[in-house]
There are 2 protein chains.
Amino acid sequence: MHTDLVAALDIGGTKIAGALVDGHGRILLRAQRPTPALEAGESVMRAVEEVLAELTGSPLWIRATAVGIGSAGPVDASAGTVSPVNVPGWRGFPLVERVRAVTGGLPVELIGDGVAITAAEHWQGAARGHDNALCMVVSTGVGGGLVLDGRLHPGPTGNAGHIGHISVELDGDPCACGSRGCVERIASGPNIARRALANGWQPGPDGDTSAAAVAEAARTGDPVAVASFARAAQALAAGIAATATLVEIDVAVIGGGVGKAGDVLFTPLRAALKTYATLSFVQRLEIVPAQMGTDAGLVGAAAAALTRRADDAAEASV
Amino acid sequence: MHTDLVAALDIGGTKIAGALVDGHGRILLRAQRPTPALEAGESVMRAVEEVLAELTGSPLWIRATAVGIGSAGPVDASAGTVSPVNVPGWRGFPLVERVRAVTGGLPVELIGDGVAITAAEHWQGAARGHDNALCMVVSTGVGGGLVLDGRLHPGPTGNAGHIGHISVELDGDPCACGSRGCVERIASGPNIARRALANGWQPGPDGDTSAAAVAEAARTGDPVAVASFARAAQALAAGIAATATLVEIDVAVIGGGVGKAGDVLFTPLRAALKTYATLSFVQRLEIVPAQMGTDAGLVGAAAAALTRRADDAAEASV
């Protein structure tokens, strides 16, 4: 049976990935280019167009009915524009219009990358079956997205769930975003490593000063490494508890490189959550690791396009 | 024309109010009893039943089609129970079932009091016309509720929007809820007064040490009083910014006794918001005073009952 497909784009500071995805989330065709992140906006767009050309040139393309884009943020879904922090050539760049122009006028759905990952985990991963969920990526930055009442909650501009930039320390260190004491400023990989080094942690003979190396040291009991992860866990717990207290979620899914630290992160995180998630209606909240792999962004962008198409169909039938 | 009415209950630690409300939010009949807050659960229920008896005994009652309850929290809308902190005789008290028993089996909708106030502000007050809003009560405690995508977001248990108990100070003072550095622990009226007194503020000859007296002193330039309000404003700003960053809201409505302090609160609050609300999609967020008066709880409970009735009708027609 020749069922419909959607095209998906996952746009990050390192690579631009595209795929044709079926209604079960299976990737039938993929294409990829490195992101010329520091070049002019038109050069970046050319890379997107090359990826799309591989998709539209396929005999499968005729079955494509919509395009989903998950992009590094901030995005503005209401305006159809993107301004990824790490792609300076794109500021208010009209990505939706440009993608529509080369995909035959198909409907285009734009969401932030944290929202895309969330759509993927809700569709096929660790948030499956949960009506109210927070999905996070803890990595170089800290991002996230929300599922509320059984549906993705991108918010009017596609940026909802930006948990990395809520302040959990009023008088904390200044964050790159302009605020202070943000979750990301305490819990991202680079901040875990920075804090360990500042407190006297010594990297091994290979000189690796990444958060992964700090995690390795914590696993062998290095107290400074353990303490740096504990502090990150405390900030994440406060942020997750705040989210649950504000919108009622029953699961928090954690992915990204720092999430891969496993028990070094999850054990202090679950302990800290008991401190910050105190009200009766948030006490059953569970923290689980992400299940989706590197295709999460593509699968999530596809999910958003499929949901949009279903919503359009429902509206048309009313 | 004899349009339908709904019955509304507003249950707090001080009073139990009831009303019959029409589809325009007009209160046609009201009843009230003091809450025997420290008595046994059945005594509290008797006060509720007395209020309801005045409503059901009215010739208007025949037009009532649903009951809405806004109750001091926590509530559990999924179980139909309430456990108001200040009413120790009610723990997991089956209020929905008990109210249904004396109101002829009408559908009963239960929400937390912060959610009820939000429903009222969205229907008739300062959040009217806004699809994404946070409404807060800053008073003896700090409560709130959310409107998302044009609809009230009570969450599965009816407690969403509990902004008073999100931590904005990881290592802050212990809060009665068991967490640390909660918005309420810094910004509630009693905490504004406590902080001013601890830092050397002297009450006037009347000995009034309330937050209203601190506000009065701040208005005349007392630096300790000003600083105490500035700290409260900072905590509120961080909480409001966190909410906007997580779910995208375009307005925050502030009511309650502390909200009545006016510029003493709103001026530092708007200034602090610039520090904490930094991402592009939250920068347009406005802070405005509440418009609903003391009937907000009743009007909001009525709004929830009306929405529930409309949803039931829509489902029945599918």
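The values are calculated or read from the model by the stated rules, or taken from the named source; none is laboratory data. Source: prediction; values computed, not measured. For neighbour counting, all protein chains shown are included, and Cβ atoms are generated from backbone atoms with ideal geometry for every residue, glycine included.
If you go through region A:152-163 one residue at a time, do you hit one that is at the interface with another protein chain (Cβ under 8 Å from one of its Cβ atoms), within 23 Å of B:D250 (Cβ to Cβ), polar (S, T, N, Q) and without any contact (Cβ under 8 Å) to a residue 60 or more places away in the chain? No; the residues of region A:152-163 include none that is at the interface with another protein chain (Cβ under 8 Å from one of its Cβ atoms), within 23 Å of B:D250 (Cβ to Cβ), polar (S, T, N, Q) and without any contact (Cβ under 8 Å) to a residue 60 or more places away in the chain.
Run down B:Q291, B:Q234 and say which single residue is among the polar types (S, T, N, Q) and assigned to a loop (DSSP other than H, G, I, E, B).
Values: B:Q234 fails: assigned to a loop (DSSP other than H, G, I, E, B).
Criteria check complete, one pass: B:Q291.
Of everything listed in (1) in contact (Cβ under 8 Å) with a residue 24 or more places away in the chain; (2) touching a helix residue (DSSP H, G or I) at 6+ places or on another chain (Cβ under 8 Å), the single unmet condition for B:V251 is (2).
In region A:99-118, what residues are among the charged types (D, E, K, R) and either touching a His at 6+ places or on another chain (Cβ under 7 Å) or surrounded by fewer than 18 Cβ atoms within 10 Å (Cβ to Cβ) (or both)? Before you say what the answer is, go through the steps one by one.
Start the filter on region A:99-118 by keeping residues that are among the charged types (D, E, K, R), which leaves A:100, A:109, A:113.
The one that is among the charged types (D, E, K, R) and either touching a His at 6+ places or on another chain (Cβ under 7 Å) or surrounded by fewer than 18 Cβ atoms within 10 Å (Cβ to Cβ) (or both): A:R100.
For B:G239, the conditions (1) over 18 Å from the mean Cα position of the chain (by Cα); (2) buried (at least 22 other Cβ atoms within 10 Å of the Cβ); (3) facing chain A (nearest Cβ under 9 Å); (4) not polar (S, T, N, Q) all hold with the exception of (1). Residues in region B:301-315 include none that are assigned to a strand (DSSP E or B), in contact (Cβ under 8 Å) with a residue 40 or more places away in the chain and not hydroxyl-bearing (S, T, Y).
The helices (runs of 4 or more DSSP H) found wholly in region A:169-230 and carrying at least 3 residues that are crowded, with 18+ Cβ neighbours inside 10 Å and within 14 Å of chain B (Cβ to nearest Cβ) occupy A:183-187.
Tell me yes or no: at least one residue of region A:292-299 is out of contact with any His (no Cβ under 8 Å at 6 or more places or on another chain), within 14 Å of another protein chain (Cβ to nearest Cβ) and surrounded by 24 or more Cβ atoms within 10 Å (Cβ to Cβ). Give the steps one after another, and end with the answer.
The first filter runs over region A:292-299 and keeps only residues out of contact with any His (no Cβ under 8 Å at 6 or more places or on another chain), leaving A:292-299.
The next check asks that each one be within 14 Å of another protein chain (Cβ to nearest Cβ); those that pass are none.
No; the residues of region A:292-299 include none that is out of contact with any His (no Cβ under 8 Å at 6 or more places or on another chain), within 14 Å of another protein chain (Cβ to nearest Cβ) and surrounded by 24 or more Cβ atoms within 10 Å (Cβ to Cβ).
Looking only at residues of region A:242-267 that are in a helix (DSSP H, G or I) and within 11 Å of another protein chain (Cβ to nearest Cβ), we find that the one that is nearest to the chain's Cα centre (by Cα) is A:T243.
Region B:80-159 holds strands (runs of 3 or more DSSP E) entirely within its bounds, and those carrying 1 or more residues that are more than 25 Å from B:A233 (Cα to Cα) and of a type outside the set (G, A, S) map to B:108-112. Take the conditions (1) within 11 Å of chain B (Cβ to nearest Cβ); (2) surrounded by fewer than 22 Cβ atoms within 10 Å (Cβ to Cβ); (3) at pLDDT below 95; A:T275 misses just one of them, which is (3).
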